[in-house]
Structure formats: structure tokens, C-alpha cells
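Notes to accompany the following structure.
No lab work stands behind these numbers, since they all come straight from the coordinates. Here the structure is a predicted model, which means the values were calculated and not measured. Counting neighbours? That spans all protein chains shown, and the Cβs are built from the backbone with ideal geometry, glycine included.
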Amino acid sequence: MKEITFVITENTESVNTLKVMGMFVDQLKDDLYNWKWIIIAAHNCIQNYMVSALRSGTNLNVLEENSASNWFKEFTNRMKAKIEDWTSPKEKLEYFMNLYRKIKSDKMLFLTVSKKLEEDESKNEAMEWLNWNRNTFIHFIPSVFEINVVSFPKRMILIMEILKFLVSESNNILWINSEDKTVSEQLINDLIKKFKTLDTEYNSDKK
């Protein structure tokens, strides 16, 4: 049977999501509905980068508490058993807002050069907003509602600033290909410029 495949890595998943965000931002002038896809992509993107920055060589730091506990328990049992007895427990990724809390905690400080994100109420609100809207779109319950997007660019700038910290300042992400870091930084800077332009346009008094 012929195979048609593509490869996803920890780094390329994040880079490609940034590219998708840029594509949908460029299409906003034709259809504001593209904000839905921007929010979904942004949620996926920052989740990927938070996981990359928290991994510390294993997945324990990014697993939901019970999942991490079960994994460690099985691993401990594995040390006392034969190789063929090893059964890898199911891994469940930590919840989005818990990952966000972790990147502001000492869980980020596993290298001498590691940095954690500083507490910022505006960024906290932006992340809550992103998570709520993403979940609303993904788990859509049939209804009719009108969405005011005037504040969206300002919040997305804050999200981009968190991404910028994870990529350029946390010193925690393992870059398999150094070019992925360069591309990520460029894409993030481009998105910040685009969102700033949108913020200006949305808040302009001109009709």
C-alpha cells in the first residue's frame, strides 16, 4: 500500500501554527470570522511552547497530576521488574491554565540559565480570555451570539509577548534545529506588528 505521510516534531508543530495564525490574520480584512481560527491556533501554539519550555527532559512536568503520579509509579515498578513486564501508562497532558501557572512557577527553573514568566495581571486576563474563547469555539453549543472584536488585538499582543518570553528568554526550549528558533522569533515579531496595526484600526475614531 502506498503511504502518504507528514512529520510533526515538537518544534515544527509550534512554528507551523504560528504560520497558520499569520495566514488567518491576513484574511481578517475579508472576513472577521477568521478570528475564530486565530484564537484556536493561538491556543494550540502557546500550549505547544509552554509544554516545550516545561518538559525538562521528560514529560512529568507537563502531565496532569494523576497521570504524572501513575507514570512515576509505573516507572518505579519497572525498576524492579523485567523489561517485558513494563507497561507504559496512558499520558494525559496538563490542563491549559495549569500549564500557564507552571511557567510562572519554580517548575521552570531546572537549568542554571532558566527563567520563569513574571506575574502580570494583564497577561493572566488575556490567557483566561484565550482559553475561554477557544473552548467556546471548540465545544460549540448551537446558539446565536454577536462578538465584539475591538479588544481582541490588544489581548493577542499580550499572548504574543508570552510566546516571545518562552521562545527567546526562558532558555528552556530544546531546539533540534536552531533555524526553528530564528523562524519562531521572526513570526512572533511579525504577528505583534500585525496585531498592533489592527488595534490601531479597531480603536480609530475614523468611520
*Working only within the range 104-153, note down all residues that are surrounded by fewer than 12 Cβ atoms within 10 Å (Cβ to Cβ), in a helix (DSSP H, G or I) and acidic (Asp, Glu).*
Asp106, Glu121
*Among the listed residues Ser184, Ser168, which satisfies the condition of being small (Gly, Ala, Ser), surrounded by 20 or more Cβ atoms within 10 Å (Cβ to Cβ) and in contact (Cβ under 8 Å) with a residue 12 or more places away in the chain?*
Ser184
*Does the range 18-29 contain any residue that is more than 11 Å from the chain's Cα centre (by Cα), surrounded by fewer than 17 Cβ atoms within 10 Å (Cβ to Cβ) and part of a loop (DSSP other than H, G, I, E, B)?*
yes
